[in-house]
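The values are calculated or read from the model by the stated rules, or taken from the named source; none is laboratory data. Keep in mind that what you see is a predicted model, and the values were worked out from it rather than measured. When we count neighbours, we look across all protein chains shown, and the Cβ atoms used for this are built from the backbone with ideal geometry, even at glycine.
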Amino acid sequence: MANPSAKQWYPTAAYLYVLHLDGLALAWEYLRRHPDYRRDWLRGRRQRDASYRWGLRLLEDPALDARDVHPVWFSDHDSVVQLYPDADPPPDAPAFAFWRVPGRKHLIYDGKRLVLMLQWPGHCMRLALAPGLEDGMAYLYAVRACATPCARYRLFAARLDALAAAMAAVPVAVARSRPTPGALLELHTLQALDATLAGASLREVAQGLFGVDAVVADWHADSALRARVRRLVRRGDALMRGGYRRLAQLPPFSLD
């Protein structure tokens, strides 16, 4: 590798945003790297059949990462909270107030409705706004029924509690906690996946992720470092080639 710094995948700093992504955003990061998805995007950006094949309502540009694209999956993930106008509100019913909703906001139109994505420190939430819901209207939350609802309802309630707390809180400076092992795993997996897609060897991947000194100290046929890199490469390829569907709560589907 003559000039590793020139490689797009080589600087770990370019992947730091991955540490703060939720499961749906991570699903996009793996999907957008799939060569067949990239070809579908180039062939027909508006083809509904192509988007459904990948679990999306609409195809999105794979050149854009999860900071710039917030795809709408088909069907909704459990974390999506649906909002409807309340046809029979009590006198003290709270009104939908767009500008009081906390965090950084992204409005997405999926062809049928608006989806409001919210991000604030430690949280990411998606609100599906029913047609007819307007600012100042009384509203209802809705969750899809299921055969064993308890876990889904608890998740639903926890997200609404977090949203209510954020709306009531006075903005203060927030210090982010250290990245979790799971977040670091996703960062290393995506970096390793990009490296292998670019044609890097396992040794080159290890140098990019863990440094030249680590490779010099522990790189041989049976080394723990080599085994670790091999697992990261296999994991990234599996998530790209359909494993991302688990992150988005989509049914398994053979793409190849």
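Taking the stated definitions as given, is ASP76 in a loop (DSSP other than H, G, I, E, B), of a type outside the set (Ser, Thr, Tyr) and under 24 Å from the mean Cα position of the chain (by Cα)?
yes
Please give the helices (runs of 4 or more DSSP H) falling wholly within segment 184-248 in which 2 or more residues are farther than 15 Å from ARG32 by Cβ and free of Cβ contacts under 8 Å to residues at least 12 places away in the same chain.
The helices (runs of 4 or more DSSP H) meeting that bar are 212-217, 224-238.
Output the residues belonging to segment 141-156 that are within 21 Å of ALA130 (Cα to Cα), more than 21 Å from the chain's Cα centre (by Cα) and aliphatic (A, V, I, L, M).
ALA142, ALA145, listed by residue number.
Can you tell me which residue within segment 148-173, out of those that are surrounded by fewer than 10 Cβ atoms within 10 Å (Cβ to Cβ) and assigned to a loop (DSSP other than H, G, I, E, B), is modelled with the highest pLDDT?
Within segment 148-173, the match that is modelled with the highest pLDDT is THR148.
I'd like the full set of residues that are touching a Lys or Arg at 6+ places or on another chain (Cβ under 8 Å), among the hydrophobic types (A, V, I, L, M, F, W, C) and either under 16 Å from ASP78 (Cβ atoms) or not in a strand (DSSP E or B) (or both), limited to segment 119-147.
MET125, ALA128, ALA130, VAL143, CYS146
Answer with yes or no whether GLY111 is more than 25 Å from TYR153 (Cα to Cα), loosely packed, with under 14 Cβ neighbours inside 10 Å, touching a residue at least 40 places away in the same chain (Cβ under 8 Å) and not aromatic (Phe, Trp, Tyr).
Considered against the rule, which asks whether it is more than 25 Å from TYR153 (Cα to Cα), loosely packed, with under 14 Cβ neighbours inside 10 Å, touching a residue at least 40 places away in the same chain (Cβ under 8 Å) and not aromatic (Phe, Trp, Tyr), GLY111 comes out as yes.
Matching residues to (1) closer than 12 Å to LEU127 by Cβ; (2) touching a Gly at 6+ places or on another chain (Cβ under 9 Å):
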residue	(1), (2)
TRP54	no, no
LEU59	no, yes
VAL69	no, no
PRO85	no, yes
ARG100	no, no
LEU107	yes, no
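Mind listing whichever residues of segment 92-113 are part of a strand (DSSP E or B) and at pLDDT below 90?
Of everything in segment 92-113, those that are part of a strand (DSSP E or B) and at pLDDT below 90 turn out to be ARG104, LYS105, HIS106, LEU107, ILE108, TYR109.
Please verify whether ALA66 is modelled with pLDDT of 90 or more, within 11 Å of the chain's Cα centre (by Cα), assigned to a loop (DSSP other than H, G, I, E, B) and surrounded by 19 or more Cβ atoms within 10 Å (Cβ to Cβ), treating the condition exactly as stated.
Here the answer is yes, as ALA66 does meet what is asked.
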